[in-house]
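These notes concern the structure reproduced below.
Please treat every number below as a calculation from the coordinates, not as lab data. Since the model is a prediction, treat every value here as computed from it, not as a measurement. Here Cβ is always computed from backbone atoms with ideal geometry, including for glycine, and neighbour counts include all displayed protein chains.
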């Protein structure tokens, strides 16, 4: 756009200085060609497009990380009656915090890990709802309409899986080496 405006301005300036219209138009076209070749040779268009894509990507990453941080905060604030589920939730909250911090430093994120964090919140909400319904049914001696066998164990197991996924994705996004990899490299260098 800038090249087009500059070329048009060159043609108009030439026309106002008394240059015949045909030559002014030719000057505008020649200016446009020279500016386009210069922009292509210098890669100005690609650099501008790349910078804009980077800004857009960083904005999306920050938005998704804010969503993950909000889910993490809600998870951390929940009071869970079952120790097994609470322990698995604490592990996920710890991994989610490391993931969010690492991603902010790297200015990137992994959509799968963000979905795992947000999904964990939904999972714990569903487990709490089922536990509440079960308590109400037991209190009023009503048959369980929607049994959820081994609910605490299954929920805790799913939370641990999500925590492992978040930890693995953090390492891939931030480029961190695992402890085992670092030790293996150190041993190989000796």
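By how many degrees, 0 to 90 and rounded to 10, does the Cα axis of helix 151-174 deviate from the longest principal axis of the chain?
30
Any idea what angle helix 179-189 forms with the longest principal axis of the chain, computed on alpha-carbon atoms, 0 to 90 degrees, nearest 10?
The two axes meet at around 70 degrees.
Cut-off 20 Å, label point 7 angstrom out along Cα-to-Cβ of residue 12: give me the residues of segment 21-39 whose amide nitrogen falls inside.
Output list for this probe position: 21-36.
When the chain is modelled as a GNM with alpha-carbon springs shorter than 10 Å, which of 12, 65, 128 fluctuates the most?
Residue with maximal mean-square fluctuation among 12, 65, 128: 12.
Relative to the compact globular guide of 2.2 N^0.38 Å, what is the alpha carbon radius of gyration of segment 2-42, as a ratio? Kindly include the intermediate steps, with their values, before the conclusion.
Details: Rg = 10.4 Å, N = 41, 2.2 N^0.38 = 9.0 Å.
Dividing the Cα radius of gyration by 2.2 N^0.38 Å gives 1.15.
Hey, in the GNM for the chain with a 10 angstrom Cα cutoff, which one of 153, 107, 64 fluctuates hardest?
153
If one takes the longest principal axis of the Cα atoms in the chain, at what angle in degrees, from 0 to 90 and to the nearest 10, does the Cα axis of helix 2-16 lie?
20
Taking a label point 7 Å from the Cα of residue 106 along the Cα→Cβ vector, which residues of segment 158-188 have an amide N closer than 18 Å to it?
162-182
For an R0 of 41 angstrom, estimate the FRET efficiency from the Cβ-Cβ distance between residue 142 and residue 177 and round to the nearest 0.05.
On the way: r = 54 Å, r/R0 = 1.33.
Efficiency, rounded to the nearest 0.05: 0.15.
If you take the alpha carbon radius of gyration of segment 57-189 and divide it by 2.2 N^0.38 Å, what ratio comes out, to two decimals? The partial results should precede the final answer.
Working: Rg = 17.9 Å, N = 133, 2.2 N^0.38 = 14.1 Å.
Computed over Cα atoms of segment 57-189, the ratio equals 1.27.
In a Gaussian network model over the chain where Cα atoms closer than 10 Å are linked, find which of 84, 62, 143 has the largest mean-square fluctuation.
In this elastic network of the chain, the residue with the biggest mean-square fluctuation among 84, 62, 143 is 143.
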